[in-house]
Amino acid sequence: MTVVTITTNGFEVDASVIASAFGIDPSTLQARMRAGEVTSLCEAGVDADLGRFRLTFRHAGRALRLTVDADGQVLTRAMFPVGVAKANRTPPAD
């Protein structure tokens, strides 16, 4: 099974890979992304990293980062804690 596929519209990542990293049901991933509970970011490499891409997914204070080559081959996979996005933070009480 291919984890990352590159299409004319961008990158497609197998939902089970993302969902398992965050301990959520793959069938709920798309709805969670639409609701902003799971977010993603794609960064293209420059200079020495040209031809590589970082695909970062965030959910509930954790991030999954996949570094892939121009063929979609996963080069590295990392999980790490991240801050909660400002839009999801609870405002301070008065």
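Read-outs throughout are calculated quantities, based only on the coordinates presented, and are distinct from any laboratory measurement. Every value quoted in this text rests on a predicted model; they were computed, and no experiment measured them. Glycine also receives a Cβ, built like all others from the backbone with ideal geometry; neighbour counts cover every protein chain displayed.
Could you tally the net charge around residue 66, taking each other residue with its Cβ under 9 Å from the Cβ of residue 66, Lys/Arg +1 and Asp/Glu -1?
Residues near residue 66 contribute +3 overall.
For the residues 4, 38, what sequence is obtained by ranking on other C-beta atoms within 10 Å, fewest first? The partial results should precede the final answer.
Numbers: 4 18, 38 21.
Fewest-to-most ranking of 4, 38: 4, 38.
If I take every Cα pair under 8 Å that is 6 or more residues apart in region 1-83, average their sequence separation and divide by the length, what percent do I get for the relative contact order?
Details: 135 pairs, mean separation 18.4, N = 83.
It comes to 22 percent, rounded to a whole number.
Would you indicate which of [x] 13.9, 49; [y] 13.6, 41; [z] 14.5, 52 is the value of Rg and Dmax of the Cα atoms in Å derived from the coordinates of this structure?
[z]
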